[in-house]
1. Pick out the one residue from 105, 127 that is open to solvent by 60 Å² or more (accessible area, probe 1.4 Å), acidic (Asp, Glu) and closer than 12 Å to residue 56 by Cα.
2. Across region 46-95, which residue is nearest to the chain's Cα centre (by Cα) among those that are free of Cβ contacts under 8 Å to residues at least 12 places away in the same chain and within 25 Å of residue 116 (Cβ to Cβ)?
3. Go through region 130-158 and report how many residues are under 16 Å from residue 59 (Cβ atoms), among the small types (Gly, Ala, Ser) and without any contact (Cβ under 8 Å) to a residue 12 or more places away in the chain.
4. Please state which one of 117, 125 is within 24 Å of residue 66 (Cβ to Cβ) and part of a helix (DSSP H, G or I).
5. Exactly one of these conditions fails for residue 74: (1) of a type in the set (Gly, Ala, Ser); (2) modelled with pLDDT under 90; (3) open to solvent by less than 50 Å² (accessible area, probe 1.4 Å). Give me its number.
6. Exactly one condition in (1) under 22 Å from the mean Cα position of the chain (by Cα); (2) at pLDDT 90 or above is false for residue 99; which is it?
7. Quick check on my filter: what residues within region 136-163 are at pLDDT 85 or above and of a type in the set (Phe, Trp, Tyr)?
8. Evaluate the following for residue 80: is it β-branched (Val, Ile, Thr) and open to solvent by 50 Å² or more (accessible area, probe 1.4 Å)?
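The values are calculated or read from the model by the stated rules, or taken from the named source; none is laboratory data. Predicted model only: the values in this text are computed from it and were never measured. Here the Cβ positions follow ideal geometry from the backbone for every residue, glycine too, while neighbour counts run over all protein chains shown. With ligands, DNA and RNA removed, areas are computed over all heavy atoms of the protein, side chains included. Shrake-Rupley method; radii C 1.70, N 1.55, O 1.52, S 1.80 Å.
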Amino acid sequence: MSMLRRLGRLFGGEAETPRGNPAPPPAAPPPAAAPPAFDYDDERIPKSAKAKIVTILESITAVEKAMEREQVPSFSRVDTGQMRDIHLPGLVQSYIDVPASHRGEIFRKTGKSASFLLDASLDKLQERVDSMLRDLAQHDIDAFTNNTQFINERYSDDENPFR
């Protein structure tokens, strides 16, 4: 084995098989597993909650599309992914997990029904997604406003002395 090959192996370069032939490249790591799809059509989910869930998921998709064209910090992207893949299904699953025969206990403890609390929590998620959409839209509005002001100043005839 040549000195260069030995140094290459030593520093993580090309590995060799016992006969001196280069080893095949290592296999690529498997892609990250996608979170399992949650069944939001479950009959135990109240109709009012289902409608809110659809709206939240559509809004999250809109936020993600807007983030693609903006320079958005990665923590915001993580936030939307967690809402869609962890928080929303976790909230709904926790509602489903409470047996219907025991949901009355929630009312006795809080004075509000389990479905009311589910809807209120979904409203909080929607408010957060709407806030993200507003922030992204404000960035676009500001850029548009700056561009129109520039064009008006740059190409305006108001300051033309020959007019």
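1. 127
2. 82
3. 1
4. 125
5. Just one mismatch for residue 74, condition (3).
6. Tallying (1) under 22 Å from the mean Cα position of the chain (by Cα); (2) at pLDDT 90 or above, residue 99 fails exactly one: (1).
7. Hits for region 136-163 are 144, 150, 155.
8. Taking the combined requirement at face value, the residue does not satisfy it.
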